[in-house]
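Inspection log for the structure reproduced underneath, given as structure tokens.
Only the coordinates and a few stated rules stand behind these numbers; no lab work does. Please read these numbers as outputs of a predicted model, since none were measured by experiment. So basically every Cβ, Gly included, is an ideal-geometry build from the backbone, and we count neighbours across all protein chains shown.
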Amino acid sequence: MNEIINPFGNPIISVETEFCGRPLSLEVNRVGFRSTASVLARYGDTVVLGTAMLSNNVVQGMDYFPLSIDYEEKFYAAGKISGSRYIKREGRPSDDAILIGRLIDRPIRPLWPKGYRHEVQGIATVLSMDPSFRPDMIALIATSMALMLTGAPFEGPVAGLRVGLDKDGKLAAFLSPEQLAAGGLDLVVAGTKNGVMMVEAGAGEVSEDQIVEAINFAQTAMQPAIDLQNELLDKMKPTKQEFTLVLPDAAIQETVDNWVKGKLGSNLRKPYPERNDLLQSLRDAMHDELAPTIEDYEEHRSDYDEAFTMAVHKDVREGIIKDSVRPDGRKLTEIRPLSSQVGFLPRAHGSSLFTRGITQGMNIVTLAPLSYSQSVDTMETTAERRYMHHYNAPGWTVGEVRRLGSPGRREIGHGYLAERALIPVLPSESVFPYAIRSVTEIMSQNGSTSMAATCSSCLALMDAGVPISAPVSGIAMGLMLDDNKPYILSDIADAEDFAGDMDFKVTGTAKGITALQMDMKVHGLNVDILKQALVQAKDGRAAILEHMLKTLSAPRTELSVYAPRVESIQINPDKIREVIGKGGETIQKITGETGAEIDIEDDGTIRISSPDKDSINAAKQWILSITAEPEVGKIYENVPVVSVLDFGAFVQILPGKDGLVHVSEISEERVNHPSDVLKEGDRVTVKLVAVDDRGRLQLSIKAAQRELKAGKS
């Protein structure tokens, strides 16, 4: 094989290390010649291309860092062609790809200096996928390395691990999806050399101690990947980028700080939304007072707005650190006022309204047959998704005019977290054979809407009669660090989130944790602090769960009258074609005449669904009559005569199953000609008395009458 020649004459440079039992290599200068930086990361048979593009120009008029991080799935990486009938090339990112993109973004974004406004793009493209583990953490490493090689002020590198429990119950990385599911823990940790930047997990009611142990394990095990990035960085020695930070004007900040003196603090410690109204009035008063006295004020109005916001954030932190009092007057562990109700949407299968402070989530649960499950076709998997949680939060929920559109990355991420929180407690398909769609409509936002989605969806599921194994509650935790001293806040609102150093969401039952998500805004956090937050969150979850159970203590025992009923029957798989009929004729006739929906599986399981019990019974009897086998000694009532001959009559006891009633078996009295007493189309009751060696059915009207008469007497 000819060696690739770099058109710029740069040698191909590669570094390698042992990483969780396999070689991990990082290579540059083989591909991606026009990118600012590109890296090929190899681990097992997984190959990920990490590319980074960096703009040398500051994006003007932007008040946020224009960083975009994307993760691209390629079906060819898994040796697959999309299962879609019409679309074979990759289109818009799947929800999985969006979630992994967020997973990579979250530990990277805080590691840039405040005020950095150069446009940055990082893309992780999976070129080859080893199916024995998920490729997302290799994608994170490739993206981090590419960003490090741009020379931008990115304070990495970062690495990550997906950790679970192996068959022996021991912590391990790079397990297969099947092993992760079987072990009951799927935890992702990302961090720098010195601390944890991000945690995300789904868990089967595990303890806080187990989570802390897994975080420690991951933080230690990821260090070779961080060291490897530093090794490649030393070899490449990228040119440092010259950049300009867009920071608040010191003079403007000083002017605003002087103006707000004595006006913040205890004057604003009021419950939401009263506090928000007071802040807006104070902001308006500042503009009204300063504008006439400063010549170019209107040109810099947005700068004064930003300076006011910074002053408020500083005040929030000082109140918590110095006085242990939060912006709305709460103590550090105090939860906002709670209220909730269920069953208020009359036609919904299940509904709830959960309110915490002025954060409010409405949830609606809809039940359907399993055939309504969502087909998932991604690079990694082709599967059916039975439980779906969708999250919507339009602009009016935060008091903004905003165009309606399809869900963004935030909405998909929040919906997934709430979905993950409830999956461990859902009943199996065999116990509850339904597809379940749970939709959270956020009604008002002031922090922790994903946890409102979790609590409201739990209540709506119970209202719908879904027999969950245990109720789930959730809480968002915050953190303020002062000289490494942590101040941990329970149930954070927007003001504390914006001014704080951590956003930590935890969901679980009384028994243990089912999901968590943690994002840092500082450069890494000690695991001991995370442990404190988990312990404090446990108390908060318990208080919220206690409130929820006062609203509805257990799942309802009956489904809504508007929800479909589903019943299952089992038939011989060889009979499936008879139920379906030629070209689907038979099953279409059954569904058309009974109104029931019918799903047939290859193993002979047939699920019949309808809101009407009579409809289900009619369809069930029809199917059973098609698939039933004749039973010697059984009486078949009200069955049709299909033909009358000189020696007897043929009667259809089951669809496609005719038997002969010999003339001698028609009546106790002598019958000379069968046509004297029977004609085609008559309905009679017969007994199957024998099946001969050729499979012919011998029926008797006389024997059936005797048996029925004896039974009555």
Extended-chain gain in nm, criterion 0.36 nm per residue less alpha-carbon gap, R403 and S469: 19.8 nm
Calculate one ³J(HN,Hα) per residue across the stretch 397-405 by plugging θ = phi - 60° into the Karplus curve 6.51 cos²θ - 1.76 cosθ + 1.60, and present them in order as whole Hz with x for glycine and proline. 6, 10, x, 10, 8, 9, 5, 6, x
Gain on full stretching of the segment that runs from L708 to H673 - 0.36 nm per residue minus C-alpha separation: 10.1 nm
Compactness of the chain - radius of gyration and Dmax, Cα, Å: 33.8, 122
Rg and Dmax of the stretch 441-568, Cα atoms, in Å? 17.2, 63
Taking the beta-carbon count within 10 Å as an exposure proxy, list H118, H300 from fewest neighbours to most. H300, H118
When the convex hull of the C-alpha atoms of the stretch 546-693 is computed, what volume per residue in Å³ does it have? 184
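For the chain, what does the relative contact order come out to in percent, with C-alpha contacts under 8 Å and a separation of six or more?
10
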Quantify how much of the Cα-Cα distance distribution of the stretch 338-551 extends past 25 Å, in percent. 39
Based on the Cβ-Cβ distance from S266 to H313, what FRET efficiency comes out when R0 is 25 Å, to the nearest 0.05? 0.90
Sorted on mean Cβ neighbours within 10 Å (highest first), peptides 476-486, 498-508 come out as 498-508, 476-486
Going 7 Å from the Cα of I423 in the Cα-to-Cβ direction, what parts of the stretch 184-218 have a backbone nitrogen less than 15 Å from that spot? 184-188, 200-206
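Need one number: % antiparallel among DSSP beta bridges in the chain, to the nearest 5.
So the antiparallel bridges in the chain amount to around 90 percent.
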Return the long-range amide H neighbours of F243 (sequence gap of 5 or more, or a different chain), with a cut-off of under 5 Å between placed amide H atoms. none
What ranking do 607-620, 267-280 get when scored by the average of other Cβ atoms within 10 Å per residue, highest first? 607-620, 267-280
One computes Rg over Rh for the stretch 565-627 from alpha-carbon atoms, with the Kirkwood Rh, and obtains 0.92
Does the stretch 277-430 come out rounded, prolate or oblate, given a ≥ b ≥ c as the square roots of the eigenvalues of its C-alpha gyration tensor, rounded meaning a/c under 1.5 and, failing that, prolate meaning a/b above b/c? prolate
Testing the spin-label approximation: label points 7 Å from Cα along Cα→Cβ at W396 and D257. State their distance in nm. 4.2
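Report the charge-dipole magnitude of the stretch 635-712 in Debye, nearest 20, computed about the Cα centre from +1 at each Lys and Arg Cβ and -1 at each Asp and Glu Cβ.
240
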Per DSSP, the loop-located chymotrypsin sites (Phe, Trp or Tyr not before Pro) within the stretch 316-380 having at most 13 other beta carbons within 10 Å are F344
Percentage relative contact order, the stretch 338-551, counting C-alpha pairs under 8 Å, at least six apart: 22
With n ≥ 4 as the cut-off for DSSP H runs, can you work out [θ] at 222 nm for the chain, using -39500 (n - 2.57) per run divided by the number of residues, rounded to the nearest 500? -9500 deg cm²/dmol
In whole Hz, the Karplus estimates of ³J(HN,Hα) for the stretch 677-689 (6.51, -1.76, 1.60; θ = phi - 60°; x where Gly or Pro) are 10, 10, 9, 4, x, 4, 10, 9, 10, 10, 10, 7, 9
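For the stretch 1-130, what class follows from the C-alpha gyration tensor (a ≥ b ≥ c being the square roots of its eigenvalues): rounded when a/c is under 1.5, otherwise prolate if a/b is larger than b/c, else oblate?
Taking the square roots of the gyration eigenvalues as a ≥ b ≥ c, the stretch 1-130 is oblate.
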Output row, site K235, 7 Å Cα→C-beta label point, backbone N cut-off 19 Å, window the stretch 5-28, residues 5-20, 22-28
For the stretch 44-49, 3J(HN,Hα) per residue [Karplus equation, 6.51 cos²θ - 1.76 cosθ + 1.60, θ = phi - 60°, Hz, x = Gly/Pro]: x, 8, 8, 10, 10, 9
Here FRET efficiency (C-beta to C-beta, S568 to F498, R₀ 41 Å, nearest 0.05) is 0.20
Estimated dipole of the stretch 519-678 in Debye, rounded to 20 [Cβ of Lys and Arg +1, of Asp and Glu -1, Cα centre]: 1040
Just to verify a number: FRET efficiency for N56 and E155, C-beta to C-beta distance, R0 = 22 Å, to 0.05? 0.70
Please list, by residue number, everything in the stretch 326-361 whose backbone N is under 19 Å from a paramagnetic label point 7 Å out along Cα→Cβ of V561. 343-351
